[in-house]
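Colleague: Attaching a single structure in structure tokens format; questions to follow.
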Amino acid sequence: DPLNGGQWEVGLKYQIPYLQSFFTAAYYDVKENNVLINDPEFPDYNLEIGQQRVRGVELSGHANLAQGLNLIANYTYSHDINSKTNLTSTDINNQTVSLQGKMPTGMPTQTMSIITDYHFPDRLAPGLSINFGIRYQNHTWGDQANSFRVPAYVLFDAGLNYNVGKTFKPLKGLTFRLSMT
């Protein structure tokens, strides 16, 4: 059967008067029917899980801290479960367990990120910008039976961008980008 579902979401956005900054908050509830998962007995095939439900909160802040310096911070809490299913799986103790109420693999309950981006003034280095970020992902489940966890981790990101068209007008649209994680 085809994937189908429904969603509702409510949110707020607040811009601080006289500042180039704003905050957003949202609550969402999503139900998806006929979601495919990997068949543990036949890895090249999929099974329909039934229904998955995701409820969560997203918070975000965007701030212009100084001329050319921007900060973006995000936090997400998401609770994913198999809300309707008759499928079972085998856990690491070789016990058969129902997937009803279990969380899908690879879906963290919490993620956070903070990213700064600085665009150099045109008089110093036209078209040059640098950025740095930190991303956090909470643990995830390593199998469909939720019998072991994949640990949480933190990633560091850095980047350098150069918009060539700012210096050489005939090359407008050409950008060089170096990204490191």
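The values are calculated or read from the model by the stated rules, or taken from the named source; none is laboratory data. Note that the structure is predicted; figures quoted are calculated from it, not measured. Using ideal geometry, Cβ is built from the backbone for each residue, glycine included, and neighbour counts are taken over all protein chains shown. Areas reflect the complete protein model, heavy atoms only, side chains present, ligands, DNA and RNA absent. Shrake-Rupley method; radii C 1.70, N 1.55, O 1.52, S 1.80 Å.
Colleague: Where only protein heavy atoms count, and the probe is 1.4 Å, what is the accessible area per residue for the chain in Å²?
Modeller: I get 67 Å² per residue for this part.
Colleague: I've got another one for you. In the chain, with Lys and Arg counted as +1 and Asp and Glu as -1 at Cβ, which of these residues, Phe168, Pro43, Gly133, has the Cα nearest the positive end of the dipole, that is, farthest along it?
Modeller: The listed residue farthest towards the positive side: Phe168.
Colleague: Quick one: 3J(HN,Hα) in Hz for segment 5-16, Karplus 6.51/-1.76/1.60 with θ = phi - 60°, rounded, Gly and Pro as x.
Modeller: These are the phi-based 3J(HN,Hα) values: x, x, 8, 9, 8, 9, x, 10, 9, 10, 9, 6 Hz.
Colleague: How high is the relative contact order of the chain? Use alpha-carbon pairs under 8 Å, at least six apart in sequence, and give a whole percent.
Modeller: Normalised by residue count, the contact order of the chain is 13 percent.
Colleague: Take His139, His79 and sort them by solvent-accessible surface of the protein heavy atoms, 1.4 Å probe, largest at the top.
Modeller: His79, His139
Colleague: Sticking with this one: DSSP loop (so not H, G, I, E, B), at most 13 other Cβ within 10 Å: list which GluC sites (Glu not before Pro) in segment 1-76 pass both filters.
Modeller: The qualifying sites are Glu41.
Colleague: Below 8 Å between Cα atoms, with a sequence gap of 6+, how large is the relative contact order for segment 81-165 in percent?
Modeller: Relative contact order, segment 81-165: 28 percent.
Colleague: Within segment 129-181, list the trypsin sites (Lys or Arg not before Pro) lying in a DSSP loop whose Cβ has at most 13 other Cβ atoms in a 10 Å radius.
Modeller: Those that pass, being in a loop and sparsely packed, are Lys172.
Colleague: So what are the ³J(HN,Hα) numbers for segment 96-111, from phi and the Karplus equation (6.51, -1.76, 1.60; θ = phi - 60°), rounded to whole Hz, Gly and Pro as x?
Modeller: Running phi through 6.51 cos²θ - 1.76 cosθ + 1.60 with θ = phi - 60° gives 7, 10, 6, 7, 4, x, 7, 8, x, 5, x, 10, x, 7, 9, 9 Hz.
Colleague: A further question follows. Counting Lys and Arg as +1 and Asp and Glu as -1, what is the net charge of the other residues whose Cβ lies under 15 Å from the Cβ of His119?
Modeller: Around His119, the surrounding residues sum to +1.
Colleague: Out of Pro108, Gly56, Ile72, whose Cα points farthest toward the positive end of the dipole of the chain (charges: +1 Lys, Arg; -1 Asp, Glu; placed on Cβ)?
Modeller: Highest projection toward the positive end goes to Ile72.
Colleague: While we're on this one: If Lys and Arg each add +1 and Asp and Glu each add -1, what is the summed charge of the other residues whose beta carbon sits under 13 Å from the beta carbon of Ala25?
Modeller: Neighbourhood net charge equals -1.
Colleague: Treating the beta-carbon of each Lys and Arg as +1 and of each Asp and Glu as -1, no other charges, what is the dipole magnitude of the chain about its Cα centre, to the nearest 20 debye?
Modeller: Using Cβ point charges on Lys, Arg, Asp and Glu, the chain gives about 940 debye.
Colleague: Determine, for the chain, the count of lysine pairs separated by eight or more sequence positions (or lying on different chains) whose alpha-carbon distance falls under 25 Å.
Modeller: Eligible lysine pairs with Cα atoms under 25 Å apart amount to 4.
Colleague: While we're looking at this one, here's another question. Under the classification rounded if a/c is under 1.5, otherwise prolate if a/b is larger than b/c and oblate if not, where does segment 1-150 fall, given a ≥ b ≥ c as square roots of the Cα gyration tensor eigenvalues?
Modeller: Prolate, because a/c is 1.5 or more and a/b exceeds b/c.
Colleague: How much net charge surrounds Gly56 when only the other residues with a Cβ under 11 Å from the Cβ of Gly56 are counted, with Lys and Arg +1 and Asp and Glu -1?
Modeller: -2
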